[in-house]
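Enquirer: Have a look at this one before I ask anything.
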Amino acid sequence: PLPPRRREARRPRRGLLAIVAALLLIVGVGAGVWYINSGQFTKVPPLLAKTEAQAKERLKDAGLDVKKVDHAYSDTVKRGTVISTDPVSGARIRDNDSVALTISDGPETVKVPDLTGTRLAKAQTLLKQDGLAAGMVTREFSDDVPKGFVISTDPEAGTERHAGSAIAMTVSKGSAVDVPDVTGEDLDDAKSDLQEAGLKVTVSDTEITSEYDAGQVAQQTPAGDSQAAEGDTVTLTLSKGPELVEVPSVVGASVDAATKLLEQSGFKVKEDRGILGLFGDTVKSQSVDAGEQAAKGSTITITIR
């Protein structure tokens with residue numbers, strides 16, 4: 001056995017070794033915990049709005065790979081730049097892991113289809129199928145395109161537009177027909193004239209007072225001497241006769257006063273001066289006696305002497 005002094009001299013050295021070993025163990029455990037929790041991870045760098053080449057370079061610098069590259073349309077992100085990433089920028093990711101990129105192809109555009117000669121309902125369906133919308137419909141006469149079919153589009157066929165854009169269409173009303181004026185005609189005659197022109201006829205349930213005799217056509221829609229499409233319908237309103245108005249007395253009045261009074265009552269005025277009345281200014285007689293009923297709008301003749 002060693003002398004007591006030599007044994008006592010080794011105890012401090014053993015204690016120091018134990019302390020060092022404990023410290024190393026603590027450091028090793030800490031490093032292992034750090035590596036497990038943080039050391040093997042990094043963050044996805046910010047890549048939005050970067051070009052594909054720039055994004056790949058940044059990922060390489062961060063020790064990451066590109067998993068795949070997808071493309072998508074965008075109205076807001078410039079063509080050829082990053083729309084999104086998976087995982088997103090700032091997300092924790094393991095070293096040497098990979099990131100998926102989605103690159104913008106710019107706004108989605110669609111070519112306007114050729115709809116000329118297509119029935120309106122079918123044209124609207126085709127636009128929707130192509131990713132466009134049916135816009136305002138304008139109708140005009142056409143001798144070449146049948147009624148209800150598309151004459152043209154605005155913009156024209158083949159033009160590129162953003163998906164969802166509204167496409168205006170001009171649709172045929174068919175061949176133009178001159179609408180005859182049948183006011184004042186008997187109903188049967190009016191129907192015959194309109195049907196010979198290629199038009200249909202309907203009669204309104206309402207009758208109105210007018211200058212025409214009862215049963216004659218007082219109004220028509222569309223009006224006479226206008227144009228309509230072949231096969232369109234003209235609505236006729238029949239007269240229930242003229243409105244009757246009491247005729248005022250104008251005998252003995254001056255021409256001006258008599259004319260004013262008769263016109264205010266709703267009549268037209270005709271002067272009969274003859275030879276003796278060329279320089280006269282007094283009404284001698286009137287064609288319809290005062291107090292009698294006459295059709296509003298009819299003519300009263302005054303004789304002047």
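The values are calculated or read from the model by the stated rules, or taken from the named source; none is laboratory data. Remember, predicted model here, so these are calculated numbers, not experimental data. Reconstructed Cβ throughout: ideal geometry from the backbone, glycine too, with neighbour counts over all protein chains shown. These area figures cover heavy atoms from the full protein model, side chains too; ligands, DNA and RNA do not enter into them. Shrake-Rupley method; radii C 1.70, N 1.55, O 1.52, S 1.80 Å.
Enquirer: What FRET efficiency, computed as 1/(1 + (r/R0)^6) with R0 = 45 Å and r the Cβ-Cβ distance, is obtained for Ala157 and Glu263, rounded to the nearest 0.05? Working shown, then result.
Expert: Details: r = 61 Å, r/R0 = 1.36.
Efficiency, from the Cβ-Cβ distance: 0.15.
Enquirer: Could I ask something else about it? What order, most packed first, do the peptides 228-240, 106-118 have when packing is the mean number of other Cβ atoms within 10 Å of each residue?
Expert: The peptides rank, most packed first, as 228-240, 106-118.
Enquirer: Further question: Take the alpha-carbon positions of segment 261-305, form their convex hull, and give its projected area averaged over all directions (one quarter of the hull surface) in nm².
Expert: Details: hull surface 12.1 nm².
With the hull built on Cα positions only, its mean projection is 3.0 nm².
Enquirer: What FRET efficiency comes out for Ser254 versus Glu207 if R0 is 30 angstrom and r is the Cβ-Cβ distance? Round to the nearest 0.05.
Expert: Working: r = 40 Å, r/R0 = 1.33.
The pair Ser254/Glu207 has a calculated efficiency of 0.15.
Enquirer: Distance between Cα centroids, segment 57-106 to segment 247-289: provide it in whole Å.
Expert: Using only Cα atoms to place each centre, the spacing works out to 98 Å.
Enquirer: Tell me, what is the percent relative contact order of the chain, built from C-alpha pairs under 8 Å that lie six or more residues apart?
Expert: The normalised contact order for the chain reaches 10 percent.
Enquirer: Figure the gain on full extension for Asn96 and Ala62 (residue separation times 0.36 nm, minus the Cα-Cα span) and round it to one decimal in nm.
Expert: Details: separation 34, 0.36 × 34 = 12.24 nm, distance 0.86 nm.
Roughly 11.4 nm would be gained on extension.
Enquirer: Right, another one. Which entry is the computed mean projected area of the Cα convex hull in nm² for this structure: [x] 39.9; [y] 26.8; [z] 17.7?
Expert: [x]
Enquirer: Using 1/(1 + (r/R0)^6) with R0 = 41 angstrom and r between the beta carbons of Met136 and Asp105, what's the FRET efficiency to the nearest 0.05?
Expert: Efficiency at R0 = 41 Å is approximately 0.85.
Enquirer: Separate question: Taking 0.36 nm per residue of separation and subtracting the Cα-Cα distance, what length does fully extending Ala168 through Thr116 add?
Expert: Contour length minus the Cα-Cα distance gives 17.5 nm.
Enquirer: If amide hydrogens are placed 1.01 Å from N in the peptide plane, which non-local residues have theirs closer than 5 Å to the one on Ala176?
Expert: Ser142
Enquirer: Of the heavy-atom accessible surface of the chain (probe 1.4 angstrom), what whole percent is carbon and sulfur?
Expert: Whole-percent figure for carbon plus sulfur exposure: 50.
Enquirer: Run the paramagnetic zone check for Asp75: 7 angstrom along Cα to Cβ, then residues of segment 92-131 with backbone nitrogen under 11 Å.
Expert: Counting only backbone N, you get 107-108.
Enquirer: For n ≥ 4 DSSP H runs only, could you compute -39500 (n - 2.57) per run for the chain, divide by its residues and tell me the 222 nm figure to the nearest 500?
Expert: Mean residue ellipticity at 222 nm (helix-derived): -7500 deg cm²/dmol.
Enquirer: Next up: Among the listed pairs Lys191/Lys260; Lys128/Lys173; Lys147/Lys191, which have their C-alpha atoms separated by more than 29 angstrom in this model?
Expert: Check vs 29 Å cut-off fails for Lys191/Lys260.
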